[in-house]
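Reading through the structure tokens given below for one structure.
The values are calculated or read from the model by the stated rules, or taken from the named source; none is laboratory data. As the structure is a prediction and not an experimental result, all values here were calculated from the model. When we count neighbours, we look across all protein chains shown, and the Cβ atoms used for this are built from the backbone with ideal geometry, even at glycine. Ligands, DNA and RNA are excluded from the accessible area calculation, which covers all protein heavy atoms including side chains. Shrake-Rupley method; radii C 1.70, N 1.55, O 1.52, S 1.80 Å.
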Amino acid sequence: MNRRRLRPVAVGVLGLLALTACGSRANDALLSQAREAQLNQGGGSGPTAGGDTTGSGATGTGTTGTGTSTTGTGTTGATGTTGATGTATGTTGATGATGTTGTGGFSGDNGGSTDVGVTANSLKVGLIADIGGPIPGLFQGAVRGTQAYLSKVNAEGGIFGRQLKLDVGDSQLACDQYQAQAEDKIGKDFALVGSFSLYDSCGVDVLKANPTVADIHSALSPKAQAVANNFSVAPLGAGWRSGPLSYYKNKFGDAWQHIGSIYAGVGGGRETWTSAKAVIQKSGAPWQGHVDRDAPYQPTDTDFTAEIIRMQQAGVKMIYMIAGDAAGNANVLHAVRQQASSRGWPVVFGGSAYDNAFLTKAQKAGDLDMAGAGPTFEDQQYALFFNSGDGSRIPAVKEFQTWYGRVTGGATPDLFAAYGWSSAQLFVQALKAAGPKATRKTLYAELKKITKFDAGGILASANPAQNQPGNCWVFTEIVKGRWERKDSPVSTFRCDGPYVSAS
């Protein structure tokens, strides 16, 4: 049996979704936890708007778009409607078609078919995501987020007379499927945009063999990010941002010298926490703290009572979790509230608890508003993209919420959707810079020039050209059952303290 281990980034549900495969399939215990952790729980979903987007919902059927166009006037064809939600039987929802498009107001020479996937009036990009297989709909948000941004661009007239089309491939939580989809998409699409799969490392060899094909997605494995033609809007890093650490030392005082942490013990969870712990305890640093006890947890662990008792005995005075998933975070919070509420421990998450699954589970257990219990905090590197407040203050967040709602029929966006939207935005920025006669080579060259990107304020600024993470962050607290900004700008990020390497 050939075992392959994948190390994903520990953000949102991903800290615990590292899947150990036998051959190319994920094992049942991890899949069980992934089902609980996924943000859109339930069966498969017929996906995204029309164009060339492939539906992933089991037995879902997409209706055909009936758009028309007036040649040369810039009027675009209407987008096909969303595939209907299906059940988890593995069949694919049909694709909504788009009408013939006009020139979008562009009257110059765009070169026609300048490269693979390009015609005079269309440009097709590929996306690979785990949307079928054993966990239907797992990363459907990434597909929808990417399609939402492309739909916005198309409604505005497209790019240099071309409408942008999305060609979706289902990697089905399988390494061989991801590799096959990468070969297929690179063979017929201009670039890869918005992909989201736990097996993205399985496309590395294909990308290396096609070095001018841009792969614009937030890599979930260091191996995938290390490929020269990968551009991540939220790059991985072997360290931690020091701004929150200095803030916690000042805010929590002695408790910062008595930290307890529970982290995902599979995939990248251990490595992520080990790196962050080294930064926290860096000798002589102004933010220096001390971890009294830390412990891994496994995908099937749901009761953390015994571990919280051991932390009490070790002298722990606060919890800091940065490598977990929605369900695991909620279960740890529940154990703290049940066993240590009288001690008033603050519980802090490092970017892994801002999602509806966490709030729903914690609210149902009665852990968010328990009298006398300590507060619940989070530091994260993205805006509060499903909060109405950030939507009203940050134009980019409002635009994201609006278009995501149009594509999905009003669904609440998740972190995967935000990454898909942002990846498509980065692609369009480089495509515009490459000019009307863009080729794969010129697109790649323009992406290598983008050293600062924040999706208009949806994400903390990072360097996608060199895949370097940023140092900015937002501090939030749960107030009356929802995450709200605290000690942070109302519409931007705090950028105090550098990103520090664990080495």
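Of all residues in region 126-156, count the ones that are among the β-branched types (Val, Ile, Thr) and under 13 Å from residue 425 (Cα atoms). Don't jump to the end; show me each part of the working.
To start, the set of residues in region 126-156 that are among the β-branched types (Val, Ile, Thr) comprises 128, 131, 135, 143, 146, 153.
Still in the running and under 13 Å from residue 425 (Cα atoms): 146, 153.
The number of residues fulfilling the criteria is 2.
I'm told residue 385 meets every condition in (1) at pLDDT 90 or above; (2) assigned to a helix (DSSP H, G or I); (3) open to solvent by less than 10 Å² (accessible area, probe 1.4 Å); (4) within 30 Å of residue 423 (Cα to Cα) except one. Can you identify the failing condition by its number?
(2)
Report every pair of residues separated by at least 6 positions or lying on different chains whose Cβ atoms are under 9 Å apart, first residue within region 238-260 and within 17 Å of residue 379 (Cβ to Cβ) and open to solvent by 40 Å² or more (accessible area, probe 1.4 Å), second modelled with pLDDT of 95 or more and assigned to a helix (DSSP H, G or I).
249/256; 249/257; 250/256
Residue by residue, here is whether (1) within 30 Å of residue 245 (Cα to Cα); (2) among the small types (Gly, Ala, Ser) holds:
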{"position": "397", "(1), (2)": "yes, no"}
{"position": "413", "(1), (2)": "yes, no"}
{"position": "421", "(1), (2)": "yes, no"}
{"position": "435", "(1), (2)": "no, yes"}
{"position": "465", "(1), (2)": "yes, yes"}
{"position": "474", "(1), (2)": "yes, no"}
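Please go through region 303-347 and pick out each residue that is among the hydroxyl-bearing types (Ser, Thr, Tyr) and surrounded by 16 or more Cβ atoms within 10 Å (Cβ to Cβ). First the steps, then the outcome.
Looking only at region 303-347, we keep the residues that are among the hydroxyl-bearing types (Ser, Thr, Tyr), and these are 305, 320, 341-342.
Residue satisfying the conditions is 320 alone.
Can you list the helices (runs of 4 or more DSSP H) lying wholly within region 262-348 that have 2 or more residues being at pLDDT 90 or above, at negative phi and among the charged types (D, E, K, R)? Please lay out each step first, then the result.
Numbers: elements: 269-280, 305-314, 326-340.
Answer list for region 262-348: 305-314.
Can you tell me which residue in region 434-465 is most open to solvent (accessible area, probe 1.4 Å), limited to those that are more than 20 Å from residue 228 (Cα to Cα) and part of a helix (DSSP H, G or I)?
Top of the filtered list is 456.
Does residue 197 qualify as being under 19 Å from the mean Cα position of the chain (by Cα) and open to solvent by less than 10 Å² (accessible area, probe 1.4 Å)? Break it down stepwise before answering.
Values: under 19 Å from the mean Cα position of the chain (by Cα): yes; open to solvent by less than 10 Å² (accessible area, probe 1.4 Å): yes.
Here the answer is yes, as residue 197 does meet what is asked.
So residue 160 fits all but one of (1) touching a Phe, Trp or Tyr at 6+ places or on another chain (Cβ under 7 Å); (2) open to solvent by less than 10 Å² (accessible area, probe 1.4 Å); (3) not basic (Lys, Arg); what number is the exception?
Failed condition: (2).
Based on this model, can you work out whether residue 374 counts as part of a loop (DSSP other than H, G, I, E, B), open to solvent by less than 20 Å² (accessible area, probe 1.4 Å) and within 25 Å of residue 240 (Cα to Cα)? Give the derivation first.
Numbers: part of a loop (DSSP other than H, G, I, E, B): yes; open to solvent by less than 20 Å² (accessible area, probe 1.4 Å): yes; within 25 Å of residue 240 (Cα to Cα): yes.
When the stated conditions are applied, residue 374 passes them.
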